[in-house]
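One structure is given here, and the rest of the page talks about it.
The values are calculated or read from the model by the stated rules, or taken from the named source; none is laboratory data. Since this is a predicted model, take the numbers as computed values, not measurements. Every residue, glycine among them, receives a Cβ derived from its backbone with ideal geometry; neighbour counts consider all protein chains shown.
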Amino acid sequence: MSKTKERIRDSQLRYKQGLGQNFIYDEDLLASLVDAAGVTKEDDVLEVGPGAGSMTKHLCRAAHHVLSVELDDRLIPLLNGFMADYDNFTLVHGDVMEINLPEITKDLRKPLSVVANIPYYITTPLMTMLLTSPLDIKQMALMVQKEVADKVLAQPGDDNWGMLAVRCQYYCEPYLAMDVPAACFTPAPKVDSAFIVLPRREKPLVDVKCEEDFFRVAQAGFALRRKTMTNALCAAFRMERAEAAHMMQQAGLDERIRGEKLTFEELARLADVYTAWKEARA
């Protein structure tokens with residue numbers, strides 16, 4: 001039994017299913033995950049959800065400094081005790097979705113590396129928040145459900161191709177670092193997980209006139225997956241079919257194509273046409 005697991009047992013702490021608490025205690029696996037995250041002594045790390053500190057200590061050995069944000073107040077004394085020997089560790093008690101991240105990370109080296117074993121119930125909101133955050137992020141290394149990893153890595157035309165893939169690939173170059181079976185966790189979740197790494201792009205994947213409009217148009221296409229993009233434009237932006245069909249023609253697209261089939265380049269062209277249409281009506 002690992003020392004971390006012994007500490008959890010001795011503290012008589014019960015895992016909170018509502019907080020998505022599934023911990024890894026395999027030291028070799030933890031070391032491999034930190035290695036896959038690409039953290040070096042030049043990096044300061046924002047860790048989300050340190051749990052019992054199993055991965056945190058490996059991060060502290062690899063990084064210049066680690067700042068961990070933990071929501072569960074029961075784990076704070078355990079973490080402080082376990083990490084007492086690491087002078088490059090800072091613990092913040094709070095909800096990562098509500099805390100002022102720029103403020104608590106202001107003294108850390110930039111750009112930051114983010115490492116997280118994300119509770120499944122906040123996976124998409126947290127990823128979206130980090131992707132659009134004002135934080136200067138070098139890359140993210142995230143433990144997520146396998147099905148979420150499949151969605152992040154999906155390509156146009158895939159069943160999993162959707163807004164999560166669009167957002168992640170627009171800002172980052174995600175790749176699968178490692179599959180992590182459910183049996184590696186305590187307690188074991190009902191599904192397998194995956195460790196994905198998302199290095200931030202120097203600039204977004206495609207150039208668009210307005211990022212907000214780009215994501216609006218993409219969302220319109222995925223909102224009505226079985227309808228044509230022309231119909232999706234009509235529904236999302238309350239335009240006449242003739243207007244939507246003309247917009248598709250201007251973007252060089254077949255008006256019968258479904259939104260879920262559009263590539264990044266095609267979405268970008270259509271978004272720019274939509275932006276011009278919107279500005280002309282203002």
All positions within the stretch 4-33 that are surrounded by 22 or more Cβ atoms within 10 Å (Cβ to Cβ) and modelled with pLDDT of 90 or more:
33
Which residue, of 228, 275, is in contact (Cβ under 8 Å) with a residue 24 or more places away in the chain, closer than 14 Å to residue 157 by Cα and hydroxyl-bearing (Ser, Thr, Tyr)?
228
Quick test of your reading of the structure: residue 166 fulfils all but one of (1) over 18 Å from residue 148 (Cβ atoms); (2) not in a loop (DSSP other than H, G, I, E, B). Name the failing condition by number.
(1)
Scan the stretch 129-143 and tell me whether some residue there is β-branched (Val, Ile, Thr), surrounded by 19 or more Cβ atoms within 10 Å (Cβ to Cβ) and modelled with pLDDT of 95 or more.
yes
Qualifying residues in the stretch 80-126 (those that are modelled with pLDDT of 95 or more and assigned to a helix (DSSP H, G or I)) - the one surrounded by the fewest Cβ atoms within 10 Å (Cβ to Cβ):
103
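Can you tell me which residue within the stretch 250-282, out of those that are assigned to a loop (DSSP other than H, G, I, E, B) and not hydrophobic (A, V, I, L, M, F, W, C), is surrounded by the most Cβ atoms within 10 Å (Cβ to Cβ)? Walk me through how you get there before you give the answer.
As a first pass, look at the stretch 250-282 and keep what is assigned to a loop (DSSP other than H, G, I, E, B): 251-257, 262-263, 282.
Filter again for not hydrophobic (A, V, I, L, M, F, W, C), leaving 252, 254-256, 263.
Working: 252: 11, 254: 12, 255: 17, 256: 11, 263: 13.
Residue satisfying both the conditions and the ranking: 255.
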All-but-one check, residue 230 against (1) of a type outside the set (Phe, Trp, Tyr); (2) surrounded by 15 or more Cβ atoms within 10 Å (Cβ to Cβ); (3) under 25 Å from residue 112 (Cβ atoms), failing number (3)
Yes or no: residue 67 surrounded by 13 or more Cβ atoms within 10 Å (Cβ to Cβ) and at pLDDT below 95?
no
Being surrounded by 20 or more Cβ atoms within 10 Å (Cβ to Cβ), of a type in the set (Phe, Trp, Tyr) and either assigned to a strand (DSSP E or B) or assigned by TED's automatic domain parsing to the domain that holds residue 254 (or both): is that true of residue 215 here?
no
